[in-house]
Structure formats: structure tokens, C-alpha cells
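Take a look at the structure below.
The values are calculated or read from the model by the stated rules, or taken from the named source; none is laboratory data. Everything numeric in this text was worked out from a predicted model, so none of it was measured. Don't worry about glycine lacking a Cβ; one is built from the backbone with ideal geometry, like all the others, and counts go over all protein chains shown. Quick note on the areas: whole protein, heavy atoms, side chains included, nothing else; ligands and nucleic acids left out. Shrake-Rupley method; radii C 1.70, N 1.55, O 1.52, S 1.80 Å.
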Amino acid sequence: ETLAAAKMMQSIILCVLFFYTFVEGSTNLFDGYKKRSGLIADVPAAILSNEVEFPLIGLGVGNLQSNRVENMIYEGLKGENRIRLFDTSQVAGVDSEIIQGIKSGTKRFKEAESIDDRVQVHLVTKIRHTYLGYERTKFAVKSILQTYSPVLKDSNIDFRIHFLIHHPRCTKGIDGMDCEKDEDELPGKVKRVGPAPHLGDGDAWKESWRALEDLYSSDDYPAISSIGVSNFSVEELDELLGLSRVKPHLVQISISSLIEDAEFANKCKAHDIHIQVFNVMERIVKRAPGTPRAFKTVMLTGDTLSNGKNAVSPGQTILKWLTQNGISIIPRTRDLDHLSENGVGALARLSDISSNANIVLQKAVEAIHMGLDLNEDPRVQMSFYASEGDIFLYAYKKNTADQTYVAYVGKGDSVEIWTNPNDTFRVYDAYNPKLFKDYVLLEHDGDDHRIVVGTL
């Protein structure tokens with residue numbers, strides 16, 4: 001026991017010495033808050049086609065119970081979570097709760113972080129099917145802007161709104177849609193603005209798009225940062241692109257549509273339309289245990305992202321995979337622990353997924369979604385045996401020279417890891433970081449993946 005304790009203490013001392021002699025100069029994602037148009041430096045953002053910075057990680061609040069919305073936004077805006085985008089819809093009816101959450105959350109954030117500048121906050125909201133048509137859509141947008149005037153006028157907040165058409169038309173069978181009933185329940189002033197869209201030919205969305213274009217292009221509504229659509233098919237997107245003066249900056253689709261409809265995703269890429277997905281947890285994460293080999297791939301990929309710190313959940317791994325590939329996410333939760341787990345702070349701490357692991361993980365996610373497990377585990381188990389001296393093992397990315405700590409291995413010991421074909425590992429002498437050697441697992445290496453590390 002005394003020998004084991006001494007050996008453990010030796011490894012700890014070596015890790016500390018190695019960190020300060022070699023790793024200390026590596027890039028630090030958490031180097032303080034830097035001013036960038038109200039966003040902080042470590043909030044990952046996409047650049048929309050109109051040059052607007054758009055946070056990749058948001059929080060869906062439209063389907064939460066109204067009494068939870070304000071607190072979830074307040075907590076999401078905290079420095080440790082760094083959520084700067086919230087998603088809702090016109091039909092959700094929680095605007096007052098969102099307003100209070102944003103106002104109280106940004107005030108608290110500025111005080112806690114001693115920030116003088118305004119805090120940039122984004123809201124994605126969607127125009128309901130009953131407000132389709134030119135005049136009704138203009139009425140809806142103006143009403144929403146008026147509702148959010150307390151935030152727009154708040155000197156602490158740089159508020160950006162993104163308006164989407166929620167559905168191209170009212171369709172029977174979709175949850176929450178009852179065409180006749182929804183129309184009957186509208187206030188009289190809305191009915192007088194324009195004709196009932198469900199009584200037309202189903203193309204009222206085209207006039208709605210024209211209204212969004214006019215409002216977005218007007219100097220009178222600077223808070224409108226982008227316009228887009230939700231739940232459109234690839235055929236409808238094609239039609240929209242053919243008639244639009246302003247191409248959609250943003251589309252919102254379910255994770256199922258992203259996986260099943262490659263044509264849609266490719267068209268968005270070709271026209272520089274940013275994709276935001278929902279239902280990731282329900283459609284992928286909760287189904288994962290039903291496909292054991294695919295689930296194992298997700299879990300093992302997560303192990304490589306942790307930097308030797310906290311365990312990485314399957315949900316975090318998949319959200320990291322999406323955002324690393326430039327796809328925005330808006331997971332929803334009513335649980336504060338899940339909020340922190342899926343927030344910017346937690347996901348930013350994870351290492352990047354290697355290009356090989358990215359391909360393997362995509363196959364695993366597709367298998368989980370389809371409910372058809374992988375035929376075999378695409379990952380490979382390797383072992384590194386330190387035959388001549390103590391070593392440090394790092395995962396190494398040749399294209400960026402980034403490296404992620406994997407393990408310390410004492411002389412005579414070995415470590416087993418799961419990896420992907422063509423991944424690279426760098427082994428350092430524990431006492432001299434200038435001595436190292438790279439090892440690459442090739443696909444044709446056979447079944448024996450035991451690496452004996454001799455003198456470096």
C-alpha cells in the first residue's frame with residue numbers, strides 16, 4: 001500500500017511539472033469576457049449570410065410551463081451557462097415571462113461580471129399559421145415588437161429578434177393545429193386585417209414572406225436581425241428561393257429532418273442558409289439505449305472529449321457534434337442541472353471531435369434515429385505499454401497541432417483506450433517533453449493494437 005501511494009504521488013507531481021513546462025501555453029477558452037458587440041468571447045456563434053453573429057447554443061422556452069420560463073432564462077444568462085439565445089413562438093404565449101427573465105437575468109449578469117456594455121441577447125420567434133398572409137404577418141410582427149418594447153428600450157440589453165414563419169400552412173393532424181377553431185378564436189381586429197389563410201390555396205406563406213422582407217428591409221425596424229422559415233419541405237424551400245428578394249437567413253427543422261433529408265441540408269449549405277435544429281434530446285438521446293453498439297460509440301466518443309475531467313453525457317456529445325459542424329441547437333429543459341450541462345460553459349470545455357470520430361459519430365446518430373443498430377463497433381481498442389520509462393499519452397491532431405491529454409503511464413504499466421482508425425497519438429517522455437513519438441492506427445493494422453513504447 002505504501003509503494004502504491006508513493007507511485008500515485010509521483011504521478012501527480014509529474015503531471016503538475018509537465019503541465020507547467022509544456023501545456024501551460026496552450027489556448028485557454030476561458031480568458032475572461034471580451035467585448036464583441038455585446039457577446040462574450042467564448043460564446044460560439046455562426047455568421048449568418050447578412051453578417052449577423054448568431055449564437056450556436058440556445059434554449060427552447062416556448063414549450064415550458066409559463067411559471068418556469070422566467071427563472072430558466074434568468075439562470076441561462078448567468079456567466080457559468082452563457083446562454084444568449086432563446087427560442088419561442090407566437091402561439092406559446094409566454095412573452096411577458098421571457099421579458100422579465102431577460103431583463104432580470106442581464107441585470108444580474110452585468111452586476112456579477114462587472115460589465116459596463118450592453119449584453120447582446122437573441123430571440124427566435126415564429127409567426128403562427130393563423131397570421132399567414134401579407135397584412136396579418138405585418139400585424140403580428142409589429143405586435144410582437146411592441147410587446148418586447150421593454151427589452152428593446154432597456155439600456156442594459158442589445159436585443160436582436162429573428163422572425164420565422166412557423167409552418168407554411170395549417171395542416172390537419174399536426175399537434176396544436178385546428179384550422180377552423182384557431183381562426184374562430186382570433187380577436188376580431190386580427191380577422192379584419194386580412195383573409196383567413198386556411199380558406200385559400202395554401203400559398204398565404206408567400207405573402208407572409210413578402211411582408212417579412214419588407215419589414216426586415218425597412219429602416220424602421222432595426223431590431224429585426226434576420227428572417228427565415230420553420231418546418232418547410234425542400235420543395236417549399238426551393239419555391240421560396242425562387243420568389244424571394246431576401247433569401248432566408250435561417251431555417252429551423254427537427255433533427256429528424258436533418259438526418260433524413262440530405263437534399264434539404266445541402267440546399268441550405270449551397271445558399272448560405274443557417275440551420276437550427278430542435279428535438280435532439282427526444283429523437284436521439286432518449287432513443288440511444290435501444291441501439292447498444294451505436295450508443296456505445298456515442299459514450300466512447302464522449303470519453304475522448306472530457307480532457308480527463310468530468311464525465312461527458314451522451315446528450316453533451318451529440319450537442320457538441322452538431323455545433324462543431326455549424327448546426328445551431330435549442331435544447332429545452334426545466335431542470336437546472338440539465339441547463340448547466342447543455343449550456344455554453346459546459347460544452348465549451350469539451351475537446352473538439354476529431355475528423356475520423358466525426359464520421360463515426362454521424363453513423364451512430366443515424367443508426368439511433370433509424371432504430372437500426374450498427375453492424376459492428378466502428379471503434380478500435382488500443383493499448384499503450386510503457387516498457388522503458390514513464391510516459392504521457394496525448395491525442396494529437398496533425399492539421400491543427402492541438403493535443404488532448406489522455407493518460408499518464410508509469411514504467412511497466414499500460415493503458416487501454418478506444419479510438420478510431422487513422423487517429424494519431426503522441427507519446428512524451430514524462431521527464432523531457434522534447435522527446436516524443438507519434439503513433440497512427442491505420443485501418444489495415446489487423447487485430448493486434450498493442451503499442452509497446454520503448455525509449456523515445
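The heavy atoms of I255 present about 0 square angstrom of accessible area, all protein chains included, probe 1.4 Å. Given R0 = 45 Å, the distance between the Cβ atoms of V380 and V234 translates into a calculated FRET efficiency of 0.75. If you plug the beta carbon distance of S254 and Q65 into 1/(1 + (r/R0)^6) with R0 = 35 Å, you get a FRET efficiency near 0.95.
Scoring 207-215, 257-265 by mean Cβ neighbours within 10 Å over their residues and listing the highest first yields 207-215, 257-265. Straight Cα distances below 24 angstrom link K267 to the lysines K126, K206, K247, K320, K363, with same-chain residues fewer than 8 positions distant left out. Taken about its Cα centre, the stretch 213-296 carries a charge dipole of about 820 debye when Lys and Arg each add +1 at the Cβ and Asp and Glu each add -1 at the Cβ. For the set R426, R332, the ranking by accessible area, highest first and with no ligand, DNA or RNA atoms included, is R332, R426 under a 1.4 Å probe. Between I47 and D203, full extension at 0.36 nm per residue minus the direct alpha carbon distance yields a gain of 53.1 nm.
On the beta carbon distance between K434 and R293, with R0 = 35 Å, the FRET formula returns roughly 0.30. Taking 0.36 nm per residue of sequence separation and removing the Cα-Cα distance, the E366/S149 pair yields an extension gain of 73.8 nm. Take every Cα pair under 8 Å whose residues are at least 6 apart in sequence, average their separation, divide by the length of the chain, and the relative contact order is 14 percent.
Taking a point 7 Å from the Cα of I359 along the Cα-to-Cβ direction, the residues of the stretch 317-346 with backbone N closer than 19 Å to it are 321-322, 324-326.
Overall, the accessible surface of the chain at a probe of 1.4 angstrom is composed of carbon and sulfur to the extent of 48 percent. For the chain, build the charge dipole from Cβ charges (+1 Lys, Arg; -1 Asp, Glu) around the Cα centre, then report which of I98, I115, S208 sits farthest towards its positive end. The residue sitting farthest along the positive end of the dipole is I115. Relative contact order, whole percent, for the stretch 352-456 stands at 29, derived from Cα pairs under 8 Å and 6 or more residues apart. A straight Cα-to-Cα reach below 25 Å connects K110 with the lysines K34, K35, K78, K153, residues fewer than 8 places away in its own chain not being considered. Sequentially through the stretch 420-425, phi angles give Karplus couplings (6.51, -1.76, 1.60; θ = phi - 60°) of 10, x, 6, 6, 10, 10 Hz, Gly and Pro residues having no value and appearing as x.
Here the Karplus curve 6.51 cos²θ - 1.76 cosθ + 1.60, taken at θ = phi - 60°, turns the phi angles of the stretch 365-371 into couplings of 5, 4, 5, 4, 4, 7, x Hz, with x standing for Gly and Pro. Entry comment: accessible area of the stretch 305-455 is 49 Å² per residue, from protein heavy atoms only and a probe of 1.4 Å. Entry note, the chain: the mean residue ellipticity at 222 nm calculated from DSSP H runs of n ≥ 4, each adding -39500 (n - 2.57), is -11000 deg cm²/dmol after division by the residues and rounding to the nearest 500. Spacing of the modelled spin labels on R118 and S96, each 7 Å from Cα toward Cβ, amounts to 2.6 nm. Of all DSSP-defined beta bridges confined to the chain, some 45% are antiparallel rather than parallel. Phi angles of the stretch 170-178 translate, via the Karplus equation with coefficients 6.51, -1.76, 1.60 and θ = phi - 60°, into HN-Hα couplings of 6, 10, 5, x, 7, 3, x, 10, 9 Hz per residue; Gly and Pro are given as x. Residue separation of R450 and D178 scaled by 0.36 nm, minus their Cα-Cα distance, works out to 91.7 nm of gained length.
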